[in-house]
Amino acid sequence: MRAPSLRGAVVADGHVGGVAAPCDAVSVGGPRGVDAVAAVARAGRRVRIGAAAEARVRAAAALLDRLIEHGSRIYGVITGFGPLACQQVTPAQ
């Protein structure tokens, strides 16, 4: 499993693909209210992923990689969902 893609997200330095992020981006990494969620969902505001949140995402991806390497069965990660929970998903899938 590879690290999650943050493509399209505004990262900690405030840039996306070398372009400055809009100043009205909603920051991720702490508590957010309904208004912030609505601003992203309804008004199309961009999401800024702070350095601490990005570090947590990368750490979680690294943990999943280690668990997968050790053969751990993780529902929805290396298995299907619901009735397909007994079906193993290969890394290529």
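Just so you know, all these numbers are worked out from the coordinates, no wet-lab data involved. All values derive from a computational prediction rather than experimental measurement. Every residue, glycine as well, gets a Cβ built from its backbone with ideal geometry; the counts of neighbours run over all protein chains shown.
Numbers for the structure displayed
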| quantity | calculated |
| --- | --- |
| Estimated inter-spin distance, HIS70 and VAL37, nm [label 7 Å along Cα→Cβ] | 3.3 nm |
| Förster-model FRET efficiency, 22 Å R0, GLN87 and VAL57, C-beta, rounded to 0.05 | 0.25 |
| Likely footprinting exposure, ASP35, ASP65, fewest C-beta neighbours within 10 Å first | ASP35, ASP65 |
